[in-house]
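Data block below; observations after.
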Amino acid sequence: MYKTLIYEKKDDIGILTVNRPDKLNAISNELTSELSSLLDELEKDDKLRVLIITGSGDKAFVAGADIQELVDRDARMGRRVSRERQEIFSRIENLPVPVIAAVNGYALGGGLELALACNVRVCTEKAQFGAPEVKLGIIPGDGGTQRLPRLVGLGRAMEMILTGDFIDAQEAYRIGLVNKVVPPEELMNAAMELAQKIASRPPLAVRYAKEAVNRSQEGDKASGFALESYLHALTCTTEDKKEGVAAFLEKRKGKFKGK
Ligand code: COA
């Protein structure tokens, strides 16, 4: 049982709701530690196919780090908290299954960084995105300075991080920060639809595809190509590959086992 998170499963799709609505789901130390424990569980769940992350209430996805806890954060604590959260967000990014952020409102600071650690983002028309850390006299510490430019380009990331200004859902869509914008009442359906589509694909192919695409953001292209070809070769050994190819040639729908 978690105090700051709600985790439920609908068939093979997990839904994680960040649950501190009275603080706009701000990330506290307690929340970080609960998230780490939940990830221990999720990393071992072989039945899980896709994870959706959203925020509680209709106002915020996550409005950043808990600013109350920033009061006592000195350099030593800043380094520790930043490394801890970078690691946790990287575990989300590299979870064996795809992770979809369903952004239901403000995604600010650490909330933007959490959304960036997810593999795909959908949001409501009311969502707003921003990196307001600089206004508090600090800089992002949970991976934002590295993930944001990779996703939206250097210039746009610089502008967001240097000004701290928020952008709305349409602008986020325009610059490629989110994949889809929907009315608020349709958000979870849209996230679910995407999750179910991915969950219907051969699980091992999905897993290795995610790993190969994630690698494109790190290191050089030659080692990315090498990893891609090894993972491609690995998928060629699976029963699902035999089934997928046969199903296409026999003009029928494939039945996949994750083997
Ligand atoms: N940390 C702690 N508490 C937060 C918070 C945060 N990051 N963001 C919001 N809250 C709290 C507010 O203090 C308020 O609590 P209270 O009711 O006990 O006073 C409650 O959540 C509601 O927020 P409020 O500011 O009243 O809502 P609003 O609609 O006027 O403004 C925001 C919404 C998101 C624009 C505004 O809350 C905000 O700017 N939050 C901080 C964002 C930020 O700088 N994040 C980066 C931190 S590194």
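The 3J(HN,Hα) values that the Karplus relation (6.51, -1.76, 1.60; θ = phi - 60°) gives for region 179-185 are, in residue order, 8, 7, 10, 9, x, x, 5 Hz. Gly and Pro appear as x. Phi angles of region 201-207 translate, via the Karplus equation with coefficients 6.51, -1.76, 1.60 and θ = phi - 60°, into HN-Hα couplings of 7, x, x, 5, 4, 4, 4 Hz per residue; Gly and Pro are given as x. Once both labels are positioned 7 Å from their Cα atoms along Cα-to-Cβ, the gap between residue 239 and residue 77 label points is 5.3 nm. Between residue 36 and residue 251, the distance separating the two model label sites (each 7 Å from Cα on the Cα→Cβ line) works out to 5.7 nm.
Per DSSP H run of n ≥ 4, the term is -39500 (n - 2.57); total these for the chain, divide by its residue number, and report the mean residue ellipticity at 222 nm rounded to 500 deg cm²/dmol. Write down the numbers at each step before the final one.
Values: 11 runs with 124 residues, N = 259.
Mean residue ellipticity at 222 nm (helix-derived): -14500 deg cm²/dmol.
Relative to its Kirkwood radius, the Cα radius of gyration of region 203-249 gives an Rg/Rh of 1.07.
Among beta bridges identified by DSSP and lying wholly in the chain, the antiparallel ones come to about 30 percent.
Helix 187-199 and the longest principal axis of the Cα set of the chain meet at an angle near 40°. Here each label is just a point 7 Å from Cα along the line to Cβ, and for residue 10 and residue 213 those points are 2.1 nm apart. In this structure, residue 232 and residue 174 have a Cβ-Cβ separation that, at R0 = 41 Å, corresponds to a calculated FRET efficiency of about 0.80.
What does the charge count around residue 49 come to, taking other residues whose C-beta lies under 12 Å from its C-beta (Lys +1, Arg +1, Asp -1, Glu -1)? Don't jump to the answer; show the numbers that get you there.
On the way: positive: 9, 10, 47, 197, 201, 207, 210; negative: 11, 12, 45, 46.
It works out to a net charge of +3.
Simple rule: put +1 on each Lys or Arg Cβ and -1 on each Asp or Glu Cβ in region 5-199, find the dipole, and look at 120, 101, 16; the Cα lying farthest toward the positive end is 120. Taking a straight line from the alpha carbon of residue 257, these lysines sit under 21 Å away, with near neighbours fewer than eight places off in the same chain left out: 9, 10, 44, 47, 197, 210, 241, 242. Summarised in one figure, the compactness ratio Rg/Rh of region 158-197, Cα atoms and Kirkwood Rh, is 1.11.
Net charge near residue 131, counting Lys/Arg +1 and Asp/Glu -1 over other residues with Cβ under 12 Å of its Cβ? Present the calculation step by step, with values, prior to reporting the outcome.
On the way: positive: 135, 147, 156; negative: 113, 133, 142, 159, 165.
Value of the local net charge: -2.
The Cα trace of the chain gives Rg and Dmax of 18.8, 65 Å, the first to one decimal, the second as a whole number.
Taken together, the values in this text are just the output of simple stated rules run on the coordinates, not laboratory data. These figures come from a predicted structure and were not determined experimentally. As a convention, Cβ positions derive from the backbone with ideal geometry for all residues, glycine included, and neighbour counts pool all protein chains shown.
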